[in-house]
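What follows is a short report on a single structure.
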Amino acid sequence: MWVEEEIAEANEEQIAKAAELIRKGEVVAFPTETVYGLGANTFDERAVRKIFSLKGRPLDNPLIVHISKKEDLPLIAVDIPEQAYKLIDSFWPGPLTIVLKKNLTVPDIVTAGLDSVAVRMPSHKVALKLIDLAGVPIAAPSANPAGKPSATKAEHIRHYFGDKVFVLEGKIKIGIESTVVDLTSPLEPLLLRPGMIEPKAIEKVIGKRLVHCTGSERPKSPGLKYQHYSPNAELIVASKEKLFSAIEKMREERLSQNIVVVVFGDQERALRVKEKFGLDTISAGRTLEEVARNLFDILITFGEKYDVIIFESVEEEGVGLGIMNRLKKAAKQIID
Ligand code: AMP
Ligand code: MG
């Protein structure tokens, strides 16, 4: 099993130091309940530019503005529809990002020149404290170089950015990025990115069906058109039915390469696969929640150790929708 370690949480003093850096126009990596964010003062254009250059992020891919109080929403967005308030009451603080009409005070660099803005109130204590102490909303994308798997541990940040960024320690509970819903046309709410909060739960609250726009064809969210989450190894995603034939084939074709198999299920299942094929095998988790939490850590860590990762699909239901969305974007090949 992919084991969870004990992680120390940043203390007040460290958070105060990070807040000071944010106020001075620097960039800081901070934990949220979803993944690590790379944040700067939303209203400081120069500081926000640093995020794009550190990540190598295309300037047409906007960031999410993080607030620590629901009352701060009007600082960021205008013409907020009733549905947004319903979602906020049900899911904030938490892993739900809402795209709304932008308040003109938000610099264009944050929203990539769009007239909409993505906003979220995270539930992670360290993130909330940081935003509070900084005294400004924090604009942040995930804390990874563009196109790489998102960071879910402080050590991932150091792996990616060395000592170029100040990092706050904290445990990540969810492991995949927030669900993103676009309410700029309240008559046709859109799901832009699946996450831990399921479409059904959102539909129940707003009383409307969500149109799913989570693929890369004709993207409604700029981020959708870019290559994403690619580990430093070749990732093959195989369905449960095709897993064994995929392993067999890769083992024959890639004699000189290091292959690792990642299965869904308990330790015993991983052991059986290991014994059957003689390849390193590990379980990503026994539940979809565990897989979500371990996903990026596995992609980053195994990306360094192996040439090929064969990852078993999970069902595209509930959180599985979010997991498969990431795996499919990251994969070199999907076998199902
Ligand atoms: P990240 O969390 O690193 O994936 O970055 C934020 C995500 O939110 C990206 O996929 C963006 O495309 C998306 N996003 C941010 N602002 C907007 C917006 N105004 N409209 C649509 N999508 C947005
Ligand atoms: Mg990202």
Next on the checklist: Which residue is farthest from the chain's Cα centre (by Cα), if the candidates are limited to the range 166-175 and must be assigned to a loop (DSSP other than H, G, I, E, B) and either aliphatic (A, V, I, L, M) or within 12 Å of ligand 1 (Cβ to nearest atom) (or both)?
Outcome noted: 168
Next on the checklist: Condition first: on the phi > 0 side of the Ramachandran plot and at pLDDT 95 or above. Now tell me which residues in the range 183-223 satisfy that.
Outcome noted: 207
Next on the checklist: Can you find a residue that is open to solvent by less than 20 Å² (accessible area, probe 1.4 Å) and among the polar types (S, T, N, Q) anywhere in the range 89-96?
Outcome noted: no
Item to check | Within the range 129-164, considering residues that are crowded, with 17+ Cβ neighbours inside 10 Å and either more than 18 Å from the chain's Cα centre (by Cα) or without any contact (Cβ under 8 Å) to a residue 60 or more places away in the chain (or both), the one farthest from ligand 1 (Cβ to nearest atom) | outcome: 133
Next on the checklist: Which condition from (1) touching a Lys or Arg at 6+ places or on another chain (Cβ under 6 Å); (2) open to solvent by 40 Å² or more (accessible area, probe 1.4 Å); (3) near ligand 1 (Cβ under 10 Å from one of its atoms) is the one that residue 114 breaks?
Outcome noted: (1)
Item to check | Conditions (1) farther than 22 Å from residue 146 by Cα; (2) open to solvent by less than 30 Å² (accessible area, probe 1.4 Å); (3) not polar (S, T, N, Q): number failed by residue 331 | outcome: (1)
Next on the checklist: Being touching a Leu at 6+ places or on another chain (Cβ under 8 Å) and assigned to a helix (DSSP H, G or I) is the filter here; which residues of the range 147-156 pass it?
Outcome noted: 154
Checklist outcome for this item: When the range 21-47 is checked residue by residue, the ones that are over 19 Å from the mean Cα position of the chain (by Cα) and either within 13 Å of ligand 2 (Cβ to nearest atom) or of a type in the set (A, V, I, L, M) (or both) are 21, 22, 47
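Does residue 184 satisfy the condition of being assigned to a loop (DSSP other than H, G, I, E, B), within 16 Å of ligand 2 (Cβ to nearest atom), in contact (Cβ under 8 Å) with a residue 60 or more places away in the chain and not aliphatic (A, V, I, L, M)? I'd like the intermediate steps shown before the answer.
Values: assigned to a loop (DSSP other than H, G, I, E, B): yes; within 16 Å of ligand 2 (Cβ to nearest atom): no; in contact (Cβ under 8 Å) with a residue 60 or more places away in the chain: yes; not aliphatic (A, V, I, L, M): yes.
It is false that residue 184 is assigned to a loop (DSSP other than H, G, I, E, B), within 16 Å of ligand 2 (Cβ to nearest atom), in contact (Cβ under 8 Å) with a residue 60 or more places away in the chain and not aliphatic (A, V, I, L, M).
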Next on the checklist: Which pairs turn up if I take residues in the range 191-204 that are more than 18 Å from residue 82 (Cβ to Cβ) and open to solvent by 10 Å² or more (accessible area, probe 1.4 Å) and look for partners that are within 11 Å of ligand 1 (Cβ to nearest atom) and of a type in the set (Asp, Glu) with beta carbon separation below 8 Å, at least 6 apart in sequence or on another chain?
Outcome noted: 193/177
Checklist outcome for this item: Of the conditions (1) within 11 Å of ligand 1 (Cβ to nearest atom); (2) more than 9 Å from the chain's Cα centre (by Cα), the single one that residue 178 does not satisfy is (2)
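Would you confirm whether any residue within the range 30-45 is under 23 Å from residue 116 (Cβ atoms), at pLDDT 95 or above and of a type in the set (Phe, Trp, Tyr)?
Yes, the range 30-45 contains at least one residue that is under 23 Å from residue 116 (Cβ atoms), at pLDDT 95 or above and of a type in the set (Phe, Trp, Tyr).
The values are calculated or read from the model by the stated rules, or taken from the named source; none is laboratory data. What you are looking at is a predicted structure, and each value in this text was computed from that prediction instead of being measured. Cβ coordinates were reconstructed from backbone atoms using ideal geometry, including for glycine residues, and neighbour counts include every protein chain displayed. The area values use the complete protein model at the heavy-atom level, side chains included, leaving out ligands, DNA and RNA. Shrake-Rupley method; radii C 1.70, N 1.55, O 1.52, S 1.80 Å.
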